[in-house]
Amino acid sequence: MHYILRRCMTATATLFAVATLIFLLLHIVPGDPAEILLSGGGVAPSPESVEAMRVQLGLDRPLLEQYGSYLARIATGDLGQSFQDGFPIATEIITRLPRTLELVLAATLISVIIGLPAGLAAALKRGGALDGFLSSLASFGLSIPIFVTGTLLILLFSQTLRIVPAGGYVDFLESPAEHVIYLLMPAASIAVGLIPVVFRMVRASILEFLEKEWVRTARAKGLLERTVLIRHVIRNSLSPVVTVLGLHMGTLLGGTVLVEYVFNWPGLSGMLVRAVEQRDYPAVQGIVLVICLLFVLINLAVDLIYGILDPRVRYE
Amino acid sequence: MIKHTTLIFAALFLTTIVLLAVAAPMLPLVDPVKMDILGRMAGPSLAHPLGQDEYGRDVLSRIAFGARASLGVALTGAILAALVGVTLGLVGAYFQGWAEQATMRPLDVILSFPPMLLALLAVTLMGPGVQTLSVILALLFAPTYARVTFGEVLTVRNQEYIEAAKALGHRPTRILARTILPNVAGPILVQFSLVVAAGIVLESGLSFLGLGVVPPTPSWGLMVRGARPFMEANPLGLIWPCVALVLTVFSINRICDAMRDLFDPKASAAVLPVSRLLAGTGIGRSRARPAAPAAFDGTLLDIRHLSTEISTPRGTIRAIDGVSLQVKPGEAVALVGESGSGKSMTGLSVMQLLPRKVGRIADGEVWYASRDGQRTDLAHVPANLFRRFRGREMAMVFQEPMASLNPVYTVGFQLIEALTAHGQMTKRDAWDGARRMLERVGIPDPERRLNEYPHQLSGGMRQRVAIAIALCGDPSLIIADEPTTALDVTIQAQILDLLEEIQAAAGIGLVFITHNLGVVAEIADRVVVMYCGQVIEEGPVDDIFHNPRHPYTRGLLASVPRPEDMAGQHKRLSSIPGTVPSPLALPPGCRFAPRCDHATSACVVAVPELEAVSANQNTRCIRWKEI
């Protein structure tokens, strides 16, 4: 109980720090924020528009007051209005966020389904031909930038083989089958980079736990080799694997930017890239804040799962 | 084999790319921004070896100048990040306390941003461009440097040479720069290369989105971006920059792996060339099974000329070499020797628990009399059938009770697992059985302990649990491998008493492995002394203690502190000179000869045989009559 409480407090503190940092970033950058935000394309903005922007962003008020109202605003879920169209940012985020989450979850699922058995096989046949092959494949997979994977997948499967569409999105309720088809390639692109991570982690932790003395004790008890493996090796190696997987899922929330762009997936990232291009600071701020919130929540979930998996953590 | 090929390739490729990037302006390349509308998306030609892009620009030239941009940005960013991160890490780890809070905490906040997001946030504020990219990289990767440095410094900061430097009165800055930094340079260098690779990926990603390098400056990411809409008409234009990117990143990562292996051999994925060596052993072992010997009636365990080999990176060693020993039911046999004498390996060989893949029984027999009176040569029982014996017929107790119990399961789970390993029983029965087991090994409040985890118990308690686990299958033979070594002295006596009591009560044959002769006198009926994988003396405990024949046994006995030696004025503890020889370079003849006071030229001629001193005592010394 104590453990959960402490983790939750850490998470809250981190969120607070992140929100503060996002607020400060606009002010840390040298120069007048309003002027910076308006000076896209190398054209100097007119003094009137800068002044209007200052009022719109509340930059004319004292810093502390701005900070206070900023915190009060985001605490109620109000992320402000977009510069581009004046729409509430929170509403658009809520429409787009599930699509991004779906992508991340699908990619993680694929990675676990492929990476876990592969890592296990490589560890058990350590030093064999299969291990060498899979390990080399993993280092190669880790070296392909995600947008390259995506682009090449399109070149191969859409342009050359013409099996799947090059990109886009169909709502699940409209046509579940098509929805999945459109999901396939973006999820696979992410998985190409994530499978090696899962593979390496599983391989390393299985190898580590195979050498543990309690594994010898388990064998000495006369347990079936399969039971020894499942209960005393695989079960124990879950903790480090879950930790690493959680960390990577968090990173992926940002990493989908490129994939969504390549496959024209209408998730959060398309909105983000457009907002960055347009220097729509409130929108960028809102999206970053939401993703960071998820990031922190995932880390919290990982910590809690870790507590379930390893009793030593609970009783610390 | 694959490993070396790829490493050589990686080194060559990276050298080429770096040279290409550095020398690009001096090479006779076409201007990378010169457009040629007539040559749009032209295939490879003499003038344009890699073809032309969607504006008719030379692809080769753009790859070369693109390398310049990518590597330039990545290197600048990596260097900036290194300067900031390493400094913060050094300061935080060396001074700790508030300095740690001030340096490491803010970095944790940066780490809680997904990197691509932070990059986009920075681009929004600073606008796209090369400077922005370098700043972003520095910001993103400084925390990883700081963490690596912090961790490394923590491990070295309390080491003796740092203490020595402090004692000499050196100032902290000097100690940090001169003494600590060189020691953590290896991991930081690895980190540096990883950051360069990550920097290239990030730069190309941002450029691909149109938020990185600003056109017309060539960049690989921009090339992919530009060629993407035309991939159908000109797939080559897309593939070239992709290949350049992937191979560059792969080469850096590959070289990093190699460096890491170099700095940290333990983490190395390098493989012992063992599996192949052992692949054929099944054939050698499936030879005709020797008939059960009739002569040793009444023995529980009869090990005959057992040899076990361990494969190490430096060669195969014979951990035990022709060991023979017998254990009768209800008898306690102590297996004594220094570390590396092969005593533990003997125990593990009997149980077939030798280290996976590297250890194997090379020769000899291990006859075991089951409860039903049947005799089996355990050395020739295939691994998949051996389970019948483990836990049920014979059990093992290990040295370190914390490590030998699985930390994620309760004591009760681990006991029930042992109870049910050889037969089903109801949950209730299993629970009751487990509780009775804990009672039997003298654990108070067993009901509560069953629900606890190993880390909640004391060391002595844990070892009692380990003994209870061993007793679960009601074994006839227990092999206890230094069961008291890791415990406090007062607890040691309790555990010894417990083992003795259990052994006497159930008539269990006990093999007690130890290096502590004091323990031996208390528990053993017979003593077997091992040295360098061989039995060098064996006999009843009284004979060994009062009438040792082998100089090594005498040396061992003399090194046990005795009150009468300590009482007088000559307080001294004798020790055996020299060290145990390496198993890879055993001396010829008697293995103890190099350390023996009585060695003669005859001793080094041949390995002495085990000779009978009396009806019960054997020794492996050619001069036992004289000395």
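The values are calculated or read from the model by the stated rules, or taken from the named source; none is laboratory data. Only a predicted model underlies this, so the values are computations on that prediction, with no experimental measurement involved. Cβ atoms come from the backbone with ideal geometry, glycine included; neighbour counts cover every protein chain shown. Accessible surface areas use protein heavy atoms only, side chains included; no ligands, DNA or RNA. Shrake-Rupley method; radii C 1.70, N 1.55, O 1.52, S 1.80 Å.
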Residue in the range B:229-242 that is within 11 Å of chain A (Cβ to nearest Cβ) and touching a Pro at 6+ places or on another chain (Cβ under 7 Å) present: no
Selection from the range B:437-456 of residues that are open to solvent by 10 Å² or more (accessible area, probe 1.4 Å) and in contact (Cβ under 8 Å) with a residue 40 or more places away in the chain: B:440, B:442, B:451, B:452, B:453, B:455
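Going by the conditions given, is residue A:237 in contact with a Phe, Trp or Tyr (Cβ under 6 Å, 6 or more places away or on another chain) and more than 10 Å from chain B (Cβ to nearest Cβ)?
Values: in contact with a Phe, Trp or Tyr (Cβ under 6 Å, 6 or more places away or on another chain): yes; more than 10 Å from chain B (Cβ to nearest Cβ): yes.
Answer is yes for this residue.
Kindly establish whether residue B:201 is without any contact (Cβ under 8 Å) to a residue 24 or more places away in the chain and assigned by TED's automatic domain parsing to the domain that holds residue B:91. Reasoning before the result, please.
Values: without any contact (Cβ under 8 Å) to a residue 24 or more places away in the chain: no; assigned by TED's automatic domain parsing to the domain that holds residue B:91: yes.
No; evaluated as a whole, the condition is false for this residue.
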In the range B:456-490, the residues that are out of contact with any strand residue (DSSP E or B) (no Cβ under 8 Å at 6 or more places or on another chain), in a helix (DSSP H, G or I) and within 12 Å of another protein chain (Cβ to nearest Cβ): B:456, B:462, B:465, B:468
Residue selected from the range B:398-417 under the condition closer than 13 Å to residue A:219 by Cα and touching a Leu at 6+ places or on another chain (Cβ under 8 Å), by the criterion nearest to the other protein chains (Cβ to nearest Cβ): B:417
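Determine if the range A:254-270 includes at least one residue that is over 30 Å from residue B:411 (Cβ atoms), among the polar types (S, T, N, Q), touching an Asp or Glu at 6+ places or on another chain (Cβ under 8 Å) and modelled with pLDDT under 85. Explain how you work it out, then say what you get.
Of the range A:254-270, the ones over 30 Å from residue B:411 (Cβ atoms) are A:254-270.
When the remaining residues are screened for being among the polar types (S, T, N, Q), the result is A:256, A:264, A:269.
With the extra rule that they be touching an Asp or Glu at 6+ places or on another chain (Cβ under 8 Å), the set shrinks to A:269.
Then keep just the ones that are modelled with pLDDT under 85; that gives A:269.
Checked the range A:254-270: at least one residue is over 30 Å from residue B:411 (Cβ atoms), among the polar types (S, T, N, Q), touching an Asp or Glu at 6+ places or on another chain (Cβ under 8 Å) and modelled with pLDDT under 85.
Just to be sure before I move on: is residue A:187 in contact (Cβ under 8 Å) with a residue 60 or more places away in the chain and open to solvent by 20 Å² or more (accessible area, probe 1.4 Å) in the structure I sent? So that I can check it myself, show each step before the final result.
Numbers: in contact (Cβ under 8 Å) with a residue 60 or more places away in the chain: yes; open to solvent by 20 Å² or more (accessible area, probe 1.4 Å): no.
So residue A:187 does not fit the description; no.
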Hits in the range A:51-75 (condition: farther than 20 Å from residue A:21 by Cβ, open to solvent by 80 Å² or more (accessible area, probe 1.4 Å) and assigned to a helix (DSSP H, G or I)): A:51, A:55, A:56
Leading residue by the ranking (most open to solvent (accessible area, probe 1.4 Å)) among those in the range A:286-316 that are among the hydrophobic types (A, V, I, L, M, F, W, C) and without any contact (Cβ under 8 Å) to a residue 40 or more places away in the chain: A:308
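Just checking, does the range B:134-148 include any residue being β-branched (Val, Ile, Thr), assigned to a helix (DSSP H, G or I), free of Cβ contacts under 8 Å to residues at least 24 places away in the same chain and assigned by TED's automatic domain parsing to the domain that holds residue B:223? Can you show your working first?
Just the residues of the range B:134-148 that are β-branched (Val, Ile, Thr), to begin with: B:135-136, B:144, B:148.
Now narrow it down to the ones that are assigned to a helix (DSSP H, G or I): B:135-136, B:144, B:148.
Then keep just the ones that are free of Cβ contacts under 8 Å to residues at least 24 places away in the same chain; that gives none.
Scanning the range B:134-148 turns up no residue that is β-branched (Val, Ile, Thr), assigned to a helix (DSSP H, G or I), free of Cβ contacts under 8 Å to residues at least 24 places away in the same chain and assigned by TED's automatic domain parsing to the domain that holds residue B:223.
Using the structure shown, decide if residue A:201 is under 21 Å from residue A:113 (Cα atoms) and open to solvent by 40 Å² or more (accessible area, probe 1.4 Å). Show your work before the answer.
Working: under 21 Å from residue A:113 (Cα atoms): yes; open to solvent by 40 Å² or more (accessible area, probe 1.4 Å): yes.
Here the answer is yes, as residue A:201 does meet what is asked.
Taking the range B:370-398 only, how many residues are among the small types (Gly, Ala, Ser), open to solvent by 20 Å² or more (accessible area, probe 1.4 Å) and under 26 Å from residue B:466 (Cβ atoms)?
Filtering the range B:370-398 down to residues among the small types (Gly, Ala, Ser) leaves B:370, B:373, B:379, B:383, B:391, B:395.
Filter once more, keeping what is open to solvent by 20 Å² or more (accessible area, probe 1.4 Å): B:373, B:383.
Cutting the leftovers down to under 26 Å from residue B:466 (Cβ atoms) gives us B:383.
Final tally of qualifying residues: 1.
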Any hit, the range A:128-145, residues being under 30 Å from residue B:388 (Cα atoms), at pLDDT below 85, out of contact with any Cys (no Cβ under 6 Å at 6 or more places or on another chain) and not in a helix (DSSP H, G or I): yes
